[in-house]
Every structure is written in structure tokens, then in C-alpha cells.
Amino acid sequence: MSTRSTARRVIAALAGVLLAGSMAACGNSDTGGDSGDGNDKIVLGFSQVGAESGWRTANTTSIKEAAAEAGIELKFDDAQQKQENQIKAIRNFIQQKVDVIAFSPVVESGWDTVLKEAKDAKIPVILTDRAVDSADKSLYKTFLGSDFVKEGRLAGEWLVEQKKAASGPVNIVELQGTTGSAPANDRKKGFAEAIAANPNLKIVASQSGDFTRAGGKQVMEQFLKANPKIDVLFAHNDDMGLGALEAISAAGKTPGKDITIITVDAVKDGMQALADGKFNFIAECSPLLGPQLMELVKKVKAGEEVPARIETEETTFTQEQAKEALPNRKY
Ligand code: GYE
């Protein structure tokens, strides 16, 4: 081997060491030095539902950005809206001995076995965004997310107020979120409770559009074919409402006028539709859970107590309020 190539190797190796050193220094300054010297970053395994909606995209971005900012190493898995993929991802995280597991459960039921496996492996679990229906609350440390029943109730209360002068029947169709998911179950419940005392407000059809635009469009087409008189659409998220807009226009009706449209989320495209007069009301659901999640990850890793339930703050928007809020909306 020539001396020149040996020298080149030494320089390359030195450069590598320097680079690694400066990267570690960067990481430490980001976290405020709370992970001490060396490279003992907290490793977080996160299983995401999928990429079904604008809400989900904003949620994923928030989690990735917040992890980087907190100096937490993120192992991210996209389950493509399938529970079996989430169970697999969680088992992988257990095998890899991550420090903390967080996930947004696609449906509410069927988690006890895998959560027990995580507990036995002494890996703390944090639920974000969606809840599970496990009776054993010791299977997870906390649940960070919205009150979906409240969102449904706020949507229903607004409608009751709007239609209080209506004399005849008001026919409502409902686009439900993913079957068996917490937001679909809870939004349906909250909305039904809010309108219950008003017998002229009637849900004439209710079906899942799986939280997607394509699903919302397709199911709304069926609703329009089967129901000659639809006065109101309640969609469990903006994306299904946006998909339904196409079906409504194609049926020769004017969204926001012929059919009153209420949705949940308040992502940018939804807010735009509201400001444009195509939607009539949105109950907000915040996807920006990343920073709070990273705080919780650090705390549970350190063995600190955390509250069992942390609720996201949110509001509602009318068309006028959407026009005002839109320019400063981040997602
Ligand atoms: O409303 C919907 C998404 O779980 C709160 O999931 C989330 C819901 C959100 O697909 O757009």
C-alpha cells in the first residue's frame, strides 16, 4: 500500500471522527444538554395510523419535527390504516428494545395482548391522538389527544342553533370515520346526543368513508342517489367533506347552500372550503401533538409520574372566523 493512500485513509478517518463529534455536540445543544455527555439519545418507537388525511400528514410532520428538536431518536412506522401492521411494528420496537413506544391506535379494541408484551418488557407506552378500550389502564402511561365526543357535540349544538326555526324535517347524512376508531365512535356519539332533543333533526343515512377524500366522495354519491332530500352533511373529518363536495356538485347541488356541511379537523383545505362558503362549520381537532409528546417521552423515560389523560385544546370555526384565521394557519 502506498504511503499516499494510507495518508488519505487517515485523513478520511479523522474527518469522520470530527464530523461525528460535531453532530453529537449539535444534538446536545438542541436538548439543552439534558441527555448528558456521549450519545445516549432516548429512542422512541412510534407507530402512526397511516397517511389517510390532511390531519394525519400534519400530525406526522409535528411528531418528526418535535423529535428532532428534542434530540430524540425516532423510529417511525406507517401502518397504512391496518391494526395488524401496528401490532407488528410494536413487536419490532419491543425486540429492538426502544426506550419508549408511542402509537395512535387505528381502532379502539384488540390491544391488550401486545400492550402486555410491552409492559412485560418494561417499555413504557404512550397513546397519542386515539384511545384504546383496554380495561387495564396500567398497560399504558398516558393518553394525549382530543375529546372527540366534545367535537361531535359542538358540531351538533351548532346545527341545533341553526335549525331552531325550521318547521319541517331536517334530513342529515353522516360520513363516519374509520369503523371502530375512537374518533368515529365518539364523534358519532357526541353529535347524536346534541341533536337528540330535536325530533325534526333526523340522521337518515350514516356510513363510513374511512376518513379519506375518495371514501367521502364515493359514499356521498350513494347517499345522494338513495335520498332525494338531504339538508345536512356531518362528516367526521375535513377530507371526507372535501371528497363529498365533488359528489354534491356533480349532483347539481350547491354545497354550503343546498346542503349545510359540518366537518371536524380544521386543516388548511377544510378551512379554505369554509372561508369559500362551501362548508358551514368546523369543530377543530389539533394534530400538533409532537412537542407535548416529546415532553412526555422524556418524563416517562426518567420514571416521572405523568397525568393519565392530557387533553388537547381546540375551538370551532364559522365561515367568518375561517376567513380571519386562514392567513395564520400553519397546517
Ligand atoms: O380527525 C382524521 C384522521 O384521529 C383525530 O384521524 C384523528 C382523525 C382525524 O384521519 O382526519
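The values are calculated or read from the model by the stated rules, or taken from the named source; none is laboratory data. Just so you know, these numbers come straight off a predicted model, no measurement behind them. Counting neighbours? That spans all protein chains shown, and the Cβs are built from the backbone with ideal geometry, glycine included. SASA here: full protein model, heavy atoms, side chains in, ligands and nucleic acids out. Shrake-Rupley method; radii C 1.70, N 1.55, O 1.52, S 1.80 Å.
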Quiz item: Counting only protein chains, not ligands or nucleic acids, how are Lys122, Lys301, Lys75 ordered by accessible area (probe 1.4 Å), most first?
Solution: Lys122, Lys301, Lys75
Exercise. Apply the Karplus parameterisation 6.51 cos²θ - 1.76 cosθ + 1.60, with θ equal to phi minus 60°, to every residue of segment 309-317 and state each ³J(HN,Hα) to the nearest whole Hz, in sequence, with x for glycine and proline.
Key: 9, 10, 9, 7, 8, 8, 9, 10, 10
Quiz item: So, with +1 on the Cβ of K and R and -1 on the Cβ of D and E, and no other charges, what is the size of the charge dipole of segment 199-331 about its Cα centre, to the nearest 20 debye?
Solution: 300
Practice problem: On the full set of protein chains, 1.4 Å probe, figure out the accessible area of Met294 and give it in Å² to the nearest 10. | Solution: 0
Practice problem: Can you give me the span-like helices of the chain, meaning DSSP H runs with 30 Å or more of Cα extent along the axis and Kyte-Doolittle mean at or above -1.0? | Solution: 3-30
Practice problem: Among DSSP beta bridges lying fully in the chain, give the percent that are antiparallel, nearest 5. | Solution: 5
Practice problem: List, in the order given, every pair from Lys229/Lys278; Lys116/Lys189; Lys189/Lys298 whose Cα-Cα distance in the structure shown is over 26 Å. | Solution: Lys116/Lys189; Lys189/Lys298
Quiz item: Which pairs, out of Lys64/Lys122; Lys97/Lys150; Lys164/Lys253, put more than 30 Å between their alpha-carbon atoms?
Solution: Lys97/Lys150
Quiz item: Largest first, how would Glu52, Glu157 line up by accessible area (1.4 Å probe)?
Solution: Glu157, Glu52
Self-check item: Shape call, segment 148-285: gyration tensor on alpha carbons, a/c limit 1.5
Solution: rounded
Quiz prompt | the chain: C-alpha pair distances exceeding 31 Å, % | solution = 41
Exercise. Compute the accessible area per residue over segment 80-215, keeping the other protein chains in place, probe 1.4 Å, unit Å².
Key: 44
Practice problem: Would you mind telling me the share, in percent, of accessible area of segment 148-285 contributed by carbon and sulfur at probe 1.4 angstrom? | Solution: 50
Quiz item: Suppose every K and R has +1 on its Cβ and every D and E has -1 on its Cβ; what is the size of the dipole of the chain about the Cα centre, in Debye to the nearest 20?
Solution: 720
Quiz item: Taking a probe of 1.4 angstrom, what is the accessible area of Ser53 in Å², to the nearest 10?
Solution: 10
Quiz item: Hey, if we sort Asp112, Asp120 by accessible area with the 1.4 Å probe, largest down, what's the order?
Solution: Asp120, Asp112
Quiz item: Which Cα, out of Ile172, Val149, Ile282, lies furthest along the positive dipole direction of segment 148-285 (beta carbon charges, K/R +1, D/E -1)?
Solution: Ile172
